[in-house]
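Novice: Starting off with a structure, shown below.
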Amino acid sequence: MSESKPESTRTAVDSVVDAVRGLVSEGINRRVVVRDSRDDVVLEVPVALGLVAGLIAPVATAVGAGVALVGKCDIKLEDRRKAGTTVDTEQA
């Protein structure tokens, strides 16, 4: 039997673990921010929490996003590691 098979499996597992850690870090450092028409923060949650909510209650998440857009709210993704870095999702 060859010794390389357990080593290659260990390397694959390590790369998957590193990828998951990176995704969790990104999800914690990025936030979904909902602001009303007066630029007051209505909701601010980490992206990771938003994804979990989307998986657990997809209908409620979709309805909430729809209500936010109809209610003239802006939904933005902000990166907390880099001040001022946002991704706009403003409505037209």
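Novice: Output the peptides 30-36, 43-49, 20-26 sorted from most to least packed, where packing is the average of other Cβ atoms within 10 Å over each peptide's residues. Write out the running numbers ahead of the final one.
Specialist: Numbers: 30-36: 17.6, 43-49: 15.0, 20-26: 11.6.
Highest to lowest by the protection proxy: 30-36, 43-49, 20-26.
Novice: What list do you get for D79, D14, D74, D39 if you sort them by fewest beta carbons within 10 Å?
Specialist: Numbers: D79 15, D14 10, D74 18, D39 7.
So the residues, fewest neighbours to most, are D39, D14, D79, D74.
Novice: Okay, which of the stretch 21-49 sit inside 18 Å, backbone N to the point 7 Å along the Cα-Cβ direction of L69?
Specialist: 32-37, 43
Every read-out reported here was derived from the displayed coordinates using simple, explicitly stated rules and does not represent laboratory data. Every value quoted in this text rests on a predicted model; they were computed, and no experiment measured them. Every residue, glycine among them, receives a Cβ derived from its backbone with ideal geometry; neighbour counts consider all protein chains shown.
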